[in-house]
Amino acid sequence: MEGCLITFEGGEGSGKSTQLGHVADYLSKKGYPVMQTAEPGGTEIGKAIRALLLSGRHDPISPKAELLLYLADRAQHIEQVVRPALKNRKVVLCDRFTDSTLIYQGYARGIDFAEMKSLLSFAADAVVPDLTLLLDIDVEKGLLRLKKRAEINRFDRESHAFHQKVRQGYLALAKQGPSRIRLIPADQTEAAVFETIKKEVDVLLP
Ligand code: TMP
């Protein structure tokens, strides 16, 4: 038996990283062996790729180059971190995964989905999450939360229209996408969002 993979998705300021921390504490207390990780930047080389992608020092980055950098980050992360943890029967909690690429590089940047599909699966070594918690928040509210954060990255500075596209893309994915995706309304208190998430997690890991 292998472990399982739970991914956290959502637009800027949706609170997914905070909720990932709560889920990690909750599952650890229940006795599950948990590993927390994130993309981009879950490995040493991934940290360097993250800096290339997000600092804004290398602009302009072409959409295709951007896509391939995210996929390079993922390929390393899967081989070095995610697969070994799954083999060790860990519950892997990952902040962003393939759906982020689908939405940001596909839906928002406009790279053709049919062209991307096999690349996405190749980079992820065909790993598919068991559960995806998709946190949804109004764009303005999310961006307002961001302003309180220390590090503002290249994506945070994207236009309002770009962030709207990201939100619409995620909502469409939740509607038409695979059944592993759960849409979580994130415009509530941290505790209320966690209560909703806990119910979903309990179904997968009683
Ligand atoms: P983070 O702020 O959640 O760590 O994510 C960094 C940024 O990278 C975020 O704005 C979304 C973006 N991103 C993509 O555009 N494509 C991807 O495949 C991933 C994983 C993240």
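The values are calculated or read from the model by the stated rules, or taken from the named source; none is laboratory data. Bear in mind the structure is a predicted one, so any value in this text is a computation, not a measurement. Heads up, the Cβs are rebuilt from the backbone with ideal geometry, glycines too, and the neighbour counts pull from every protein chain shown.
So Lys64 clears everything in (1) touching a residue at least 12 places away in the same chain (Cβ under 8 Å); (2) surrounded by fewer than 16 Cβ atoms within 10 Å (Cβ to Cβ); (3) outside any helix (DSSP H, G or I) except one condition, right? Which one? The single condition Lys64 does not satisfy is (3).
Taking region 90-112 as the range and being of a type in the set (Gly, Ala, Ser) and within 11 Å of the ligand (Cβ to nearest atom) as the test, the residues that pass are Ser100, Gly106, Ala108. For first residues located in region 186-200 and within 20 Å of Val139 (Cβ to Cβ), partners that are of a type in the set (Val, Ile, Thr) and part of a helix (DSSP H, G or I) and lie 6+ apart or on another chain with Cβ distances below 6 Å form the pairs Ala186/Val193.
Of all the residues in region 45-61, those that are of a type outside the set (A, V, I, L, M) and crowded, with 17+ Cβ neighbours inside 10 Å number 2.
In the set Ala72, Ala126, Ala114, only one residue is at pLDDT 95 or above, of a type outside the set (Phe, Trp, Tyr), outside any loop (DSSP other than H, G, I, E, B) and exposed (fewer than 13 other Cβ atoms within 10 Å of the Cβ); that residue is Ala114.
This table checks each residue for (1) of a type in the set (A, V, I, L, M); (2) on the phi > 0 side of the Ramachandran plot; (3) modelled with pLDDT under 95.
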residue: Ile6; (1), (2), (3): yes, no, no
residue: Glu9; (1), (2), (3): no, no, no
residue: Gln19; (1), (2), (3): no, no, no
residue: Gly31; (1), (2), (3): no, yes, no
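Of the residues making up region 1-31, those that are polar (S, T, N, Q), within 17 Å of Ala192 (Cα to Cα) and surrounded by fewer than 23 Cβ atoms within 10 Å (Cβ to Cβ) are Ser17, Thr18.
Among the listed residues Glu151, Glu115, identify the single one that is without any contact (Cβ under 8 Å) to a residue 12 or more places away in the chain and within 12 Å of the ligand (Cβ to nearest atom). Break it down stepwise before answering.
Numbers: Glu115 fails: within 12 Å of the ligand (Cβ to nearest atom).
It is Glu151.
Suppose we keep only residues that are of a type in the set (Ser, Thr, Tyr) and within 12 Å of the ligand (Cβ to nearest atom) within region 29-64. Which one would you say is nearest to Pro84 (Cα to Cα)?
Initially, region 29-64 is screened for residues of a type in the set (Ser, Thr, Tyr), giving 32, 37, 43, 55, 62.
Narrowing the set further to residues that are within 12 Å of the ligand (Cβ to nearest atom) leaves 37, 55.
Values: Thr37: 13, Ser55: 30 Å.
Going through the qualifying residues, I end up with Thr37.
Of all the numbered requirements in (1) at pLDDT 95 or above; (2) closer than 30 Å to Ala192 by Cβ, Lys47 misses one, and that requirement is (2).
Taking region 118-128 as the search range and keeping residues that are more than 21 Å from Ser17 (Cβ to Cβ) and among the small types (Gly, Ala, Ser), which one is nearest to the ligand (Cβ to nearest atom)? Looking at the filtered set, the residue picked out is Ala123.
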